[in-house]
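**Q** If you scroll down you'll find the structure; I have some questions about it.
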Amino acid sequence: MLKAFTKTLVFLAVSVAAVAQPSLVKFDAAAKVFRLDGGGSSYVFGVNARGELQQLYWGGRLGAADSFGQAQPMKEWASFDSSYSNTPQEYAGWGAGLFVEPALKVTFGDGNRGLVLHYVSHTTVANGFDVELKDIARPIHVTLHYTIDPGSGVLARSASIENRGATAVTVEQAAAAAWALPAGQYTLNYLTGRWAGEWTLNQEAVQAGERVLESRRGSTGHQANPWFALQAGAADEDHGEVWFGALAWSGSWRITVEQDQLDAVRVTGGFNPFDFGFVLRPGQRLETPVFYGGYSAHGLGGASRLLHRFELERILPHAAAKEAAGSAPQVAAQTPRPRPVIYNSWEATEFKVDEPGQVALAEKAAALGVDRFVMDDGWFGQRKDDHAGLGDWYVNKEKFPNGLKPLIDKVHGLGMDFGLWVEPEMVNPNSDLYRNHPDWVLYFPQRPRVEQRNQLVLNLARPDVRAYILGFLDKLLTENDIAFLKWDYNRNWTEPGWDQMAPAEQKRVYVDYTRNLYAILAELRKKHPKVEIESCSGGGGRVDLGILRYVDEVWPSDNTDPFDRLMMQDGFTYAYTPQVMMAWVTDSPHWFNKRTTSLAYRMLSSMQGSLGIGANITKWSEEESATAKRLIAAYKQVQPTIVQGDLYRLISPRDGSEFSVTETVRSDKSQGVVFAFIHSTQKGRGFPLLKLKGLDAKAEYTLSSIEGKAKAGTPETASGAWWMNHGLEMDEGFHGDYQAAAFRLDRK
Ligand code: DGJ
């Protein structure tokens, strides 16, 4: 074990050395131009002749000595199209004839709504700048924070908006950042879905007007995810220029992609302005979320590889170079450990959990090689189904007469650690908590309280609710030896009222709720540093770079059908690293689609991410158990490559594809892993030749099978050049419905 761990660290050190390039931030005082360089990209903006902050360049890395003159505002196109609107401003206030999306819109106490932000000063920070702007007449100050990650070139941008005046100001719209691209032809990529159908990648030509991606639901949402990628012209999976971004916010959010009348493109993202209104009293400040943005010259695949590395090295808990409050410290990057292989009880037992049933599952899970046993919903309060119990976080004595300890001890005795399901932000009206505190939920007085899944949302913005949630979780973790929390969240907001606040202040619930959620997670992690957390929201309803700073993994979907998962995993990994993508193997025929698949197919589908088992394993045959045990052991040997390597999508399962293939390569190129799936062979067609990618052409790699066979006569060992140019051929018998194979290539 220790040996394997040491090996992982060595791999990480090499990978970092290979990726990191020196970053550079420079201010040219004469031209008033700011420049940030990192990885393969440069970002340049300046103070224009009118005093606005104007974007000058975002793209491939420029020569160190290249320089820009002072930014010149764009011309007025006609009396209908002001220069103020046409100029690609970094952070435009609504005023002075701005017809495109403003970054900031306010109403002053006297009803005045004009806002024009000009440069005041700046400071240089680690890997970036803080640039201060101020309205031309009134004391509204905005500090724009910029940092660039030296390795990936991913920029972090956010804004602090401060009222230094003597009267209150209401912020009605506040973006984290606006990104500008020059006039051109672009394809927009974005992710949409629904419950049990998340992570659909949409690709469409950017047209004149505005495309709105958003959630008005109080949380990130299944329906759209705060990520985008814009491909220039003919760029594809492997080639061409791609600009991408992801918003780090788990509350209501909005990203607009706008092509103006001069064909220039702007992407503006931050708090959702729908129903928004944040009052800044004198001296108060509003911090926006962070909007990350990056550039790749290597297509959508290159963009997702950069984003994965950035998430692993800068965002996730245990990433040593994790950003602190928006500024990236100059620390060598280190990635979090691969996830333990888990067992989860939900699909096996639903709410019917009890000690003997969980012990039986745990014994079977341990025999398969599982590392972590997770008991899901049903263990607390009067929870027999989804009608009661949420909010009452005491152990149900009928199900666990002696508390959780006997089960936890048993799980530990079997060599696994123990995880537990919680849904801290919710309450069933049928609970002691609600009977005692009916005012603790989000509601509008004298209006119906709309229930979803028989539950209401606790108003986490309230200090007493925040203290209650932190208190019970802290107690649970202090009194029980729990290594992991699956943190669920099973509905969206309705009636988002907060009537303890003055009417004008009630809408700050959109900000304070999410900030308190982050604060609770941060506090718990501080008090219980060994505890790991999964973000689940009825599947993938709360996955974003905001929550990923506080959680180790996410539950991408309640739909565990292995074929649907191929598609979802394809979409998911455009934005998020396979490290956080939990994937359980469940029973067949599948409860949702009623599809029947072999255990090997189900295992290989889940092995593309962080593997878990969610089936009723007490019913598995000896043969099934042996297959699972063998594949779990094989998975553990190559897991770091799969979840933290460079991902190449060789054949996408999208658009009715007959096949699907991924390849991941360790960053030091010492190992590659290939997964190949057949949906349904048609007209006897053979499996396509797989020209691998990302290997070291000069190194020798040995091919071994994890599952399935290569074509007879395939060399056992050949150069990277051979595997990439000649390619890997599958066995001629690899035909049929729902077939799967996997191979590893190890550098000699
Ligand atoms: C929704 C989750 O996504 C499921 O995995 C399960 O935990 C249920 N909630 C439990 O109520």
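Quick grid of which residues meet (1) modelled with pLDDT of 95 or more; (2) in contact with a Gly (Cβ under 9 Å, 6 or more places away or on another chain):
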position	(1), (2)
E172	yes, yes
A176	yes, yes
A180	yes, no
A183	no, no
T187	yes, yes
L191	yes, yes
A196	yes, yes
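**Q** Could you check the range 351-385 and list, in sequence order, the residues that are part of a helix (DSSP H, G or I), among the aliphatic types (A, V, I, L, M) and either under 16 Å from V422 (Cα atoms) or away from the ligand (no atom under 16 Å from the Cβ) (or both)?
**A** Applying the first criterion (part of a helix (DSSP H, G or I)) to the range 351-385 yields 355-368.
Still in the running and among the aliphatic types (A, V, I, L, M): 359-362, 365-368.
Of everything in the range 351-385, those that are part of a helix (DSSP H, G or I), among the aliphatic types (A, V, I, L, M) and either under 16 Å from V422 (Cα atoms) or away from the ligand (no atom under 16 Å from the Cβ) (or both) turn out to be V359, A360, A362, A365, A366, A367, L368.
**Q** I'd like to know if the range 501-511 contains one or more residues that are more than 16 Å from the ligand (Cβ to nearest atom), open to solvent by 40 Å² or more (accessible area, probe 1.4 Å), outside any loop (DSSP other than H, G, I, E, B) and in contact with a Gly (Cβ under 6 Å, 6 or more places away or on another chain).
**A** Within the range 501-511, the subset more than 16 Å from the ligand (Cβ to nearest atom) is 501-511.
If we keep only those that are open to solvent by 40 Å² or more (accessible area, probe 1.4 Å) too, we end up with 501-504, 506-508.
The next check asks that each one be outside any loop (DSSP other than H, G, I, E, B); those that pass are 503-504, 506-508.
Remaining after also requiring in contact with a Gly (Cβ under 6 Å, 6 or more places away or on another chain): 507.
Among the residues of the range 501-511, at least one is more than 16 Å from the ligand (Cβ to nearest atom), open to solvent by 40 Å² or more (accessible area, probe 1.4 Å), outside any loop (DSSP other than H, G, I, E, B) and in contact with a Gly (Cβ under 6 Å, 6 or more places away or on another chain), which makes the answer yes.
**Q** Condition first: within 25 Å of the chain's Cα centre (by Cα) and within 25 Å of N344 (Cα to Cα). Can you find one or more residues in the range 495-517 that meet it?
**A** Yes; the residues of the range 495-517 include at least one that is within 25 Å of the chain's Cα centre (by Cα) and within 25 Å of N344 (Cα to Cα).
**Q** From the list R211, R217, which one is surrounded by fewer than 24 Cβ atoms within 10 Å (Cβ to Cβ) and in a loop (DSSP other than H, G, I, E, B)?
**A** Numbers: R211 fails: in a loop (DSSP other than H, G, I, E, B).
From the options R211, R217, the qualifying one is R217.
**Q** So, in the range 462-482, exactly how many residues are small (G, A, S) and touching a Leu at 6+ places or on another chain (Cβ under 9 Å)?
**A** So the first thing to find is which residues in the range 462-482 are small (G, A, S), and the list is 467, 471.
Add one more test, that the residue is touching a Leu at 6+ places or on another chain (Cβ under 9 Å), and what stays is none.
The number of residues fulfilling the criteria is 0.
Every residue, every condition in (1) closer than 15 Å to R50 by Cα; (2) of a type in the set (D, E), yes or no:
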{"residue": "G109", "(1), (2)": "no, no"}
{"residue": "G114", "(1), (2)": "no, no"}
{"residue": "L117", "(1), (2)": "yes, no"}
{"residue": "H122", "(1), (2)": "no, no"}
{"residue": "D130", "(1), (2)": "no, yes"}
{"residue": "D135", "(1), (2)": "yes, yes"}
{"residue": "T143", "(1), (2)": "no, no"}
{"residue": "I148", "(1), (2)": "no, no"}
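**Q** Still on this model: For the range 518-550, enumerate the residues that are of a type outside the set (A, V, I, L, M, F, W, C), within 19 Å of A248 (Cα to Cα) and within 15 Å of the ligand (Cβ to nearest atom).
**A** Those that are of a type outside the set (A, V, I, L, M, F, W, C), within 19 Å of A248 (Cα to Cα) and within 15 Å of the ligand (Cβ to nearest atom): E534, S535, S537, G539, G540, G541, R542.
**Q** Further question on the same structure: Looking at the range 402-456, which of the residues that are surrounded by fewer than 19 Cβ atoms within 10 Å (Cβ to Cβ) and assigned to a strand (DSSP E or B) is farthest from the chain's Cα centre (by Cα)? Break it down stepwise before answering.
**A** First pass over the range 402-456, keeping only residues surrounded by fewer than 19 Cβ atoms within 10 Å (Cβ to Cβ): 402-403, 405-406, 409-410, 412-415, 429-430, 432, 435-439, 444-454.
This time we only want the ones that are assigned to a strand (DSSP E or B), so: 430, 452.
Details: N430: 34, Q452: 25 Å.
So the residue we want is N430.
**Q** For the structure I just gave you, tell me whether K352 is more than 24 Å from W498 (Cα to Cα) and within 32 Å of the chain's Cα centre (by Cα). Full working, then the answer.
**A** Working: more than 24 Å from W498 (Cα to Cα): yes; within 32 Å of the chain's Cα centre (by Cα): yes.
So K352 fits the description; yes.
One line per residue, one yes/no per condition, for (1) in a strand (DSSP E or B); (2) more than 23 Å from T641 (Cα to Cα):
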| position | (1), (2) |
| --- | --- |
| G713 | no, yes |
| N725 | no, no |
| F734 | no, yes |
| Y738 | yes, yes |
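**Q** Which condition breaks for K530 when tested against (1) open to solvent by less than 20 Å² (accessible area, probe 1.4 Å); (2) out of contact with any Lys or Arg (no Cβ under 8 Å at 6 or more places or on another chain); (3) more than 23 Å from G218 (Cα to Cα)?
**A** For K530, the failing item is (1).
**Q** When you go through W77, W94, W58 one by one, which is the residue that is over 34 Å from the mean Cα position of the chain (by Cα) and either touching a residue at least 24 places away in the same chain (Cβ under 8 Å) or open to solvent by less than 20 Å² (accessible area, probe 1.4 Å) (or both)? Write out each step before concluding.
**A** Values: W94 fails: over 34 Å from the mean Cα position of the chain (by Cα); W58 fails: over 34 Å from the mean Cα position of the chain (by Cα).
The conditions single out W77.
**Q** Here is a further query. From the list T596, T627, T586, T577, which residue is touching a His at 6+ places or on another chain (Cβ under 9 Å), at pLDDT 95 or above and under 21 Å from F563 (Cβ atoms)? Step through it out loud before you land on a result.
**A** Details: T627 fails: touching a His at 6+ places or on another chain (Cβ under 9 Å); T586 fails: touching a His at 6+ places or on another chain (Cβ under 9 Å); T577 fails: under 21 Å from F563 (Cβ atoms).
Only one candidate qualifies: T596.
**Q** Can you confirm whether E523 is closer than 23 Å to G277 by Cβ, in contact (Cβ under 8 Å) with a residue 24 or more places away in the chain and open to solvent by 10 Å² or more (accessible area, probe 1.4 Å)?
**A** Values: closer than 23 Å to G277 by Cβ: no; in contact (Cβ under 8 Å) with a residue 24 or more places away in the chain: yes; open to solvent by 10 Å² or more (accessible area, probe 1.4 Å): yes.
Spelling it out, it is not the case that E523 is closer than 23 Å to G277 by Cβ, in contact (Cβ under 8 Å) with a residue 24 or more places away in the chain and open to solvent by 10 Å² or more (accessible area, probe 1.4 Å).
So that you can scan it fast, the table gives a plain yes or no per residue for (1) without any contact (Cβ under 8 Å) to a residue 12 or more places away in the chain; (2) out of contact with any Lys or Arg (no Cβ under 8 Å at 6 or more places or on another chain):
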site: Q446; (1), (2): yes, yes
site: L456; (1), (2): no, no
site: V465; (1), (2): no, yes
site: K486; (1), (2): no, yes
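**Q** For the range 661-672, give me the residue count where each residue is over 23 Å from the mean Cα position of the chain (by Cα) and either among the aromatic types (F, W, Y) or over 18 Å from T335 (Cα atoms) (or both).
**A** Step one: of the range 661-672, the residues over 23 Å from the mean Cα position of the chain (by Cα) are 668-672.
Narrowing the set further to residues that are either among the aromatic types (F, W, Y) or over 18 Å from T335 (Cα atoms) (or both) leaves 672.
Looking only at that region, the number is 1.
**Q** Also, quick follow-up: Tally the residues that are at positive phi and out of contact with any helix residue (DSSP H, G or I) (no Cβ under 9 Å at 6 or more places or on another chain), restricting the search to the range 383-416. Even if it seems obvious, please write down each step before you answer.
**A** Initially, the range 383-416 is screened for residues at positive phi, giving 389, 391, 403, 415.
Retained after the next criterion (residues that are out of contact with any helix residue (DSSP H, G or I) (no Cβ under 9 Å at 6 or more places or on another chain)): 389.
The number of residues fulfilling the criteria is 1.
**Q** Determine if the range 559-568 includes at least one residue that is open to solvent by less than 10 Å² (accessible area, probe 1.4 Å), within 16 Å of the ligand (Cβ to nearest atom) and under 12 Å from the mean Cα position of the chain (by Cα).
**A** Looking through the range 559-568, none of the residues is open to solvent by less than 10 Å² (accessible area, probe 1.4 Å), within 16 Å of the ligand (Cβ to nearest atom) and under 12 Å from the mean Cα position of the chain (by Cα).
**Q** Taking A177, is it in a strand (DSSP E or B), crowded, with 16+ Cβ neighbours inside 10 Å and not basic (K, R)?
**A** Working: in a strand (DSSP E or B): yes; crowded, with 16+ Cβ neighbours inside 10 Å: yes; not basic (K, R): yes.
Answer is yes for this residue.
**Q** Scan the range 459-485 for residues that are closer than 14 Å to W393 by Cα, of a type in the set (A, V, I, L, M) and not in a helix (DSSP H, G or I) and jot them down.
**A** L485
**Q** While we're here: Tell me the strands (runs of 3 or more DSSP E) entirely within the range 1-71 that contain at least 1 residues that are modelled with pLDDT under 95. Write out each step before concluding.
**A** Working: elements: 24-28, 33-38, 41-47, 53-60.
Of the strands (runs of 3 or more DSSP E) lying wholly inside the range 1-71, those with at least 1 residues that are modelled with pLDDT under 95 span 24-28.
The values are calculated or read from the model by the stated rules, or taken from the named source; none is laboratory data. Note that the structure is a prediction, hence the values are computed from the model and not measured. In this analysis, Cβ positions are derived from the backbone assuming ideal geometry, glycine residues included, and neighbour counts consider all displayed protein chains. Quick note on the areas: whole protein, heavy atoms, side chains included, nothing else; ligands and nucleic acids left out. Shrake-Rupley method; radii C 1.70, N 1.55, O 1.52, S 1.80 Å.
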